[in-house]
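The values are calculated or read from the model by the stated rules, or taken from the named source; none is laboratory data. As the structure is a computational prediction, the values presented were derived from the model and not from experiment. No Cβ is skipped: glycine too gets one built from the backbone with ideal geometry, and neighbour counts run over all protein chains shown. We work out accessible area using only protein heavy atoms, side chains counted, and drop any ligands, DNA or RNA first. Shrake-Rupley method; radii C 1.70, N 1.55, O 1.52, S 1.80 Å.
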Amino acid sequence: MLRLRHKDSLVQPLGHSYKGGKCTRCGAVDASFRPDAPELKITTASGHPKIYWDAVDGAAKYWVYRSTDGVNFKYYDRTNNTSYTNKSTEIGTTYYYKVKAVAVINGKDVASDYSATKSIQCRPAAVNLSIYRVNGKPKLSWKAV
């Protein structure tokens, strides 16, 4: 252990203080670091599945995995954001999702474990209905879904 003398007293080194896989004091890399798995939530956006999660310390990106049977997951896409809307879906199909947080340490991807699985069945988006009068008669109008 390195000890420095300063005016007849010993100064102890501070050591490393790791956060997100790097030392906040010197920038050294924690070789054992793995990001935590994201805590996935799911909803819909315009009739499409939307998954979202809180940012994970040290993560630079997230890998999205998808399945239609809840068993056989395949890598689907990546994002730098903390949400992902899957626009390539079919109405009536149930989709299952998992996500991995990915840190980049010394130029290499270091992935977390999978998040818990979340699923949702695709349904048509809700119709935005308007009603008004024309010549004293009710008239309905809406945009195609």
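Go through TYR96, TYR52 for me and flag whichever is more than 10 Å from the chain's Cα centre (by Cα) and either basic (Lys, Arg) or open to solvent by 40 Å² or more (accessible area, probe 1.4 Å) (or both).
On inspection, the qualifying residue turns out to be TYR96.
Tell me which of these LEU40 doesn't satisfy, since it passes every other one: (1) open to solvent by 90 Å² or more (accessible area, probe 1.4 Å); (2) under 14 Å from TYR114 (Cα atoms).
(1)
Run LYS74 past the list (1) in contact with a Ser or Thr (Cβ under 9 Å, 6 or more places away or on another chain); (2) surrounded by 14 or more Cβ atoms within 10 Å (Cβ to Cβ) and report the number of the one that doesn't hold.
Here LYS74 meets the rest and fails (2).
Please specify each residue of the stretch 77-92 satisfying the condition of being modelled with pLDDT of 95 or more, farther than 30 Å from LYS22 by Cα and open to solvent by less than 40 Å² (accessible area, probe 1.4 Å).
ASN86
Could you grab me the full set of residues in the stretch 13-56 that are at pLDDT 90 or above and of a type in the set (Asp, Glu)?
Answer for the stretch 13-56, where residues must be at pLDDT 90 or above and of a type in the set (Asp, Glu): ASP36, GLU39, ASP54.
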